[in-house]
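The values are calculated or read from the model by the stated rules, or taken from the named source; none is laboratory data. What you see is a predicted model, and the numbers here were worked out from it, not measured in a lab. Methodologically, a virtual Cβ is constructed for each residue, glycine included, from the backbone with ideal geometry; neighbour enumeration extends over all protein chains shown.
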Ligand SMILES: Cc1cc2nc3c(=O)[nH]c(=O)nc-3n(C[C@H](O)[C@H](O)[C@H](O)COP(=O)(O)OP(=O)(O)OC[C@H]3O[C@@H](n4cnc5c(N)ncnc54)[C@H](O)[C@@H]3O)c2cc1C
């Protein structure tokens, strides 16, 4: 355990993008603070694993809304290279098995669904996004699959108002060395204790008392920056309990998205940053990014209930599924050229229990409830607390900065 103060003014719980952003803001003004993190590493759902010689983002990989993304500025400051090439989902997919005419038809169906969702959101009529599908449209299953990639969940469980609040400039960049590696690097030099999970926050006394797996801390304020599924499941308990927070967190559950990386033993004529769909007629389908950064790899993306089932089957079965999928489109000969590199399993990750948050239909205002401080001394950060950038690393980052500023403004000591 790193030597951190037992009694800081502010204790930050969770060293993901949100917690690290809060910590960096506190460090800027020389506040007394410490960060505790349950895992052996900082970064949380921002995680770059170096496997087979490649830095692979098993969590976030894209700097969405890149021109205004604070992590793009941090990347520049930290001298991480940024790749600005067009993402595969902005290009045509592989025409084998998905003719261009059908792709255009599908894209129009996607645009129409989005327009209806935006209209419903503007009218403030909340309902499951599935209600806005065109009855009988042949692309409905694939639109559902699209929702599992973007939201981690099928349209049935997605609030249209919440979805409508998401802001996206449409510009997406990448970090070849890994977005997770960047976020972890932003934790360097901070007073951070890893392998230290908070289990209880007692706010009955004058000072807050935080129980952890490494002993107790007291603090004047805490910033809680852990995923909603852990708050809802009371992995971290509040004493006295905070029913509004528990309810808000349970209405903002983490959906699921998983990645699987396959190696190709030669490029096989596949385009750099190409895209391939495993199917077109069902929600349970993989989407494949061919040769990211020109590497001899295929990055599969799987979402929602489908990903949950694949995860449960284990890495080998997950890879077999993906190889079957790809061989189904590119031909059986591909099989012998593909092998498993690694895959994620975010639903089974005990410190995430999912990938990114969505609001259940009818509960679009719960993000504000989650974000609201308690007694001016328990502050909440994390992607789920963001009104317009939820589900992203930059959204998490911004909530961390905001929580730190709120903690400093509300009477806590600022600069010495
Ligand atoms: C597969 C996948 C793909 C994604 N793609 C993108 C993308 O391309 N672009 C993008 O912007 N975003 C993407 N995201 C989302 C992005 O990764 C997250 O929104 C963001 O990283 C969340 O940051 P956070 O700080 O809110 O939470 P987390 O990163 O989950 O951080 C919370 C931290 O709290 C710790 N913790 C949990 N419980 C405790 C406890 N009791 N005590 C102490 N510590 C605790 C956790 O270990 C974790 O480190 C993706 C996510 C996944 C999973």
*Could you please give the count of residues in the range 93-120 that are touching a strand residue (DSSP E or B) at 6+ places or on another chain (Cβ under 9 Å) and at pLDDT below 90?*
4
*Quick one: residue 329 ticks every box in (1) more than 22 Å from the chain's Cα centre (by Cα); (2) crowded, with 20+ Cβ neighbours inside 10 Å; (3) over 25 Å from residue 179 (Cα atoms) except a single one, so which number is it?*
(2)
*Which of the residues belonging to the range 218-256 are crowded, with 24+ Cβ neighbours inside 10 Å, farther than 16 Å from residue 382 by Cβ and within 12 Å of the ligand (Cβ to nearest atom)?*
256
_Looking at 403, 384, 396, can you tell me which residue is buried (at least 17 other Cβ atoms within 10 Å of the Cβ) and more than 8 Å from the ligand (Cβ to nearest atom)?_
403
*Scan the range 345-361 and give yes if some residue there is touching a strand residue (DSSP E or B) at 6+ places or on another chain (Cβ under 8 Å), surrounded by fewer than 17 Cβ atoms within 10 Å (Cβ to Cβ) and not assigned by TED's automatic domain parsing to the domain that holds residue 145, otherwise no.*
no
_Would you confirm whether or not the range 33-41 contains a residue that is buried (at least 16 other Cβ atoms within 10 Å of the Cβ) and in a helix (DSSP H, G or I)?_
no
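With respect to residue 184, determine if the residue is assigned to a helix (DSSP H, G or I) and in contact with a strand residue (DSSP E or B) (Cβ under 9 Å, 6 or more places away or on another chain).
Yes: the conditions hold for residue 184.
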_Residues (within 16 Å of the ligand (Cβ to nearest atom) and assigned to a loop (DSSP other than H, G, I, E, B)) located in the range 331-375_ = 344, 345, 349, 350, 351, 352, 353, 354, 355, 358, 359
_For the range 43-79, which positions are in a loop (DSSP other than H, G, I, E, B) and within 15 Å of the ligand (Cβ to nearest atom)?_
44, 45, 46, 47, 58, 59, 60, 61, 64, 65, 69
*Taking interchain pairs and intrachain pairs at least six residues apart, which have beta carbon atoms under 6 angstrom, with the first residue in the range 194-207 and closer than 20 Å to residue 20 by Cα and the second more than 9 Å from the ligand (Cβ to nearest atom) and in a loop (DSSP other than H, G, I, E, B)?*
194/40; 195/40; 196/214
*For the range 115-139, what are the residues that are surrounded by fewer than 17 Cβ atoms within 10 Å (Cβ to Cβ), in contact with a helix residue (DSSP H, G or I) (Cβ under 9 Å, 6 or more places away or on another chain) and in a helix (DSSP H, G or I)?*
116, 118, 119, 122, 131
